[in-house]
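One structure below.
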Amino acid sequence: IDDEPINLVLLESLLEDHYQVLSASSGPEALALCQSQHDKIDVILSDVLMPGMSGYQLCEALKADVHTRDIPVLLVSSLDGEADQVAGLQAGAADLINKPYSPDLLLARVRTHLRMHKLVALLQANGVVVPQ
């Protein structure tokens, strides 16, 4: 999710060789997509600074919805101060990736969060309560 078309193209080109990718250019568009496709989404990458709805606000809305709250959100942003990182984690982000990012690092973090998401789902399916 990014309001800058070039950033969407870059992320799509990086991820599409490894994953099926859905993209959105705004927070509201992403929220609607995530709510309608929640059963097909395993990881969300979102920019923070977007008009209308920030990545923080999007993250909070996703975490408030029973269907999307367990999907890990990775915030990708040029904001790298401690206060920005705290704000992202308080909004419910699973991780923060600084722009400009290393493609290898971004892919490694996506892979790690995807694996954790699947393991948590497996535990929950077997009756194990996993703390938020």
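The values are calculated or read from the model by the stated rules, or taken from the named source; none is laboratory data. These numbers come from a predicted model, not from an experiment. When we count neighbours, we look across all protein chains shown, and the Cβ atoms used for this are built from the backbone with ideal geometry, even at glycine. For accessibility, only protein heavy atoms count, side chains too; no ligands or nucleic acids. Shrake-Rupley method; radii C 1.70, N 1.55, O 1.52, S 1.80 Å.
Taking the protein heavy atoms of the chain in the context of the full set of protein chains, the accessible area attributed to carbon and sulfur is 55 percent at 1.4 Å. Restricting the trypsin sites (Lys or Arg not before Pro) of segment 1-109 to loop positions (DSSP other than H, G, I, E, B) with no more than 16 neighbouring Cβ atoms within 10 Å leaves R69. Overall, the chain carries a charge dipole of about 500 debye about its Cα centre when +1 sits on the Cβ of Lys and Arg and -1 on the Cβ of Asp and Glu, all other atoms neutral. Look at the dipole of segment 1-128 built from charges on Cβ: of Q124, L49, V110, the Cα furthest out on the positive end belongs to Q124. Over the chain, what is the mean sequence separation of C-alpha contacts under 8 Å (at least six apart), divided by residue count, expressed as relative contact order in percent? Relative contact order for the chain comes out at 20 percent. Summed over all non-identical Cα pairs, the Kirkwood treatment of the chain gives a radius of 14.9 Å.
In a Gaussian network model over the chain where Cα atoms closer than 10 Å are linked, find which of L74, L106, L15 has the largest mean-square fluctuation. Per the Cα network of the chain with a 10 Å cutoff, L15 tops the list. The amide H of M50, built 1.01 Å from its N in the peptide plane, has G55 as neighbours under 5 Å, considering only residues 5 or more places off or on other chains.
Across L49, L75, L62, mean-square fluctuation computed from a Gaussian network of the chain (C-alpha pairs under 10 Å connected) peaks at L49. For the chain, the solvent-accessible area with a 1.4 angstrom probe is 58 square angstrom per residue.
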